[in-house]
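The values are calculated or read from the model by the stated rules, or taken from the named source; none is laboratory data. This one's a predicted model, so the numbers in the text were calculated from it and none came from an experiment. In this analysis, Cβ positions are derived from the backbone assuming ideal geometry, glycine residues included, and neighbour counts consider all displayed protein chains. Ligands, DNA and RNA are excluded from the accessible area calculation, which covers all protein heavy atoms including side chains. Shrake-Rupley method; radii C 1.70, N 1.55, O 1.52, S 1.80 Å.
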Amino acid sequence: MTVLQKLSPPKVKGVVKTTTTRSSSSSPCKMSGSSGYYEDDITLEEDDAIVSMPESTLIECFGNLAVTKRPAHLRPPAAFCLPFVSMSNDVMSGHALKHITLTSVFDALHPYVGMPYLNRVDLSTAMNAHWMRNCLEVEQSDLFHRFALEMQVHLTACFGCRVVLDIYGSTRNGFGTRFCDVDMSLSFVPSPPQWATSSDRVMRAVAKALVDFPKVVDERYVNAKVPIVRFRSSDMDMEADISYKNDLALHNTQLLQQYCKWDPERLPTLGVWVKAWAKRSGIGEASKGSLSSYAWIVMLIHYLQQVEPIPVLPCLQEMNHQKSENVYVQGYNVYYWKFVDATRSRRCRASVVDLFVGFLDYYATYFDYSSNVIQMVSKRLEYKPDRWYKYPMCIADPFETDHNLAQGVDQPMFEYIRSCMEHSKKVFTDRRLRAEFLSGYGFDVDEYDSRHRNEMTMETAAQFGEFLFHKCIMVKQAPTRQFRDRSMSQSTSTSNTSSASSSG
């Protein structure tokens, strides 16, 4: 077994100079051309001088990786993402090994490892540009909180007791966009009034009370598993839902926000991109039989926890702590590690595009859906409980662990989701993708590169992002499912009640 590396002059004693072409053997670890991670990565040509590295030295190098010290069945398939083993030339022995990319199966020829440097840079720029254009601004978040406070005052006056509205979901967890809905949880402080005996009764009362709130329009009561009141704001572009005592959702929001603090540069960008990609691909709406945005975020965090040998994210619920620190809400333990070490995630130097393609490859090819559960509580593999074997896909809620976030996904939709990820992986690993985009917009690729010094402007990168979303849409349409509409307009109900009273 040999590793081929371009020889850098001057010659080193003990190095045998040979001339060869790239090996096409099925060696467990080969290096072919450029790794694509750095602009100055080497490329082997036919007549380049190379050096031969002894197998024993290479095996010793592998042995230094934590992933090789695990039994084969415990090596997570996400490990193909990314680390470099960088070694300097050994003057004493003449051995040279630089910039070799390893994976859990030592497959250094994965399709996206050899992506051209400019493709990698511009894809990352496009993803960052999408986040910058769509992320929730601080000013908009402040407007949401001010609106919630005004509504809180109105409901307190209507009910004659103190009402608290807490915002949860995308607007608070770090993955929010300018167009996301606002979710609120209503609670009574210090205790609910005597008439508040059920969520259904409270939400019906809230719907009636909002009729007199001038900043709310189109309010309606939705009779779902968790009853909610849905409405729109009259003075800003906002849709919102109110639920009663949704305490687990508040803790979920805080947990996701904590994960964003561990990797504030990549995780929010990846989360916003994955949510947009899923919706554009027709697999991002639970109401249509696919997955919710929240489920996709859980999948993303699980993947980032599995990257080897250096995970991007830890398992915050698995951190060592005293049992006395556990906190239980509705019978579920909502403890998670409250401290942050942002330097830990930076040890994995993968870019957002590396991680996104790895995310697609992991779930399209490697994850065992028939036996395992996607979860972010623990790094170890979790097997499906017996009651979940009927589901083709299982995603466990981080706190409400007996709740499958993918229980609405049937077999046709599951197969469509996997085919979408496989198709998108091919799009992102297409070496001609960047040139196709630039040519389609009337640019000469060589002239563009010389003019912009090999970097896309943010405007062009945003257009490139839209081009990527369009390319990821499959020709085959997503399977359709019919869901019963359980919503009921509260305003109509109110008018009917008043007319009935007047006639009586």
(Q) If TYR416 meets every condition in (1) free of Cβ contacts under 8 Å to residues at least 40 places away in the same chain; (2) hydroxyl-bearing (Ser, Thr, Tyr); (3) part of a helix (DSSP H, G or I) apart from one, which number is that one? (A) (1)
Q) Residue check, LEU313 against (1) modelled with pLDDT of 95 or more; (2) out of contact with any Pro (no Cβ under 7 Å at 6 or more places or on another chain), all met but one. Which one? A) (1)
(Q) Just to be sure before I move on: is SER370 among the hydroxyl-bearing types (Ser, Thr, Tyr), more than 18 Å from PRO268 (Cβ to Cβ), open to solvent by 40 Å² or more (accessible area, probe 1.4 Å) and not in a loop (DSSP other than H, G, I, E, B) in the structure I sent? (A) no
Q: Name, by its number, the condition in (1) modelled with pLDDT under 90; (2) open to solvent by 10 Å² or more (accessible area, probe 1.4 Å) that does not hold for TYR328.
A: (1)
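I need the strands (runs of 3 or more DSSP E) fully contained in the stretch 164-266, keeping only those with at least 1 residues that are open to solvent by less than 10 Å² (accessible area, probe 1.4 Å), closer than 24 Å to ASP402 by Cβ and among the polar types (S, T, N, Q).
Because the criterion is at least 1 residues that are open to solvent by less than 10 Å² (accessible area, probe 1.4 Å), closer than 24 Å to ASP402 by Cβ and among the polar types (S, T, N, Q), the strands (runs of 3 or more DSSP E) in the stretch 164-266 that meet it are 182-188, 239-244.
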Q | Single residue of the stretch 269-320 satisfying the filter (open to solvent by 30 Å² or more (accessible area, probe 1.4 Å) and free of Cβ contacts under 8 Å to residues at least 60 places away in the same chain) that is farthest from ALA249 (Cα to Cα) | A | ASN320
